[in-house]
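First up is the structure itself, then whatever we jot down about it.
Just so it is clear, none of the values below were taken in a lab; they were calculated from the coordinates. These figures come from a predicted structure and were not determined experimentally. Cβ coordinates were reconstructed from backbone atoms using ideal geometry, including for glycine residues, and neighbour counts include every protein chain displayed.
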Amino acid sequence: MTLYLYTRSLAKLYVTETGSDRVRQLVGEANVVATSVVASAETRTALAGLRRDEARTAAQLTSVKPQCEETGRRI
């Protein structure tokens, strides 16, 4: 299966929230995971928005930054 992730779903790989488990499951089952060329930048923007809205601490988001960057290189 080819799985296309839009930015909001991509962010669920890094931040645990409603739907995160399902997205992780689908990624694990997929043969190919695809997204937009700008998804990496959009995901970082979405994560920064969580920080601005105080939904996550700076430490929580800093810890996912390396994962986000690595995924951006692979997708």
Fill in: Segments 22-30, 36-44 sorted - mean Cβ within 10 Å per residue, highest first
36-44, 22-30
Worksheet entry | VAL33 long-range amide H proximity, modeled H, under 5 Å | LEU3
Worksheet item: If each residue's Cβ is checked for other Cβ atoms within 10 Å, how do THR45, THR18, THR7 rank with the fewest at the top?
Response: THR18, THR45, THR7
Worksheet item: SER20 versus GLU42, label points 7 Å from Cα toward the beta carbon: distance in nm?
Response: 2.1 nm
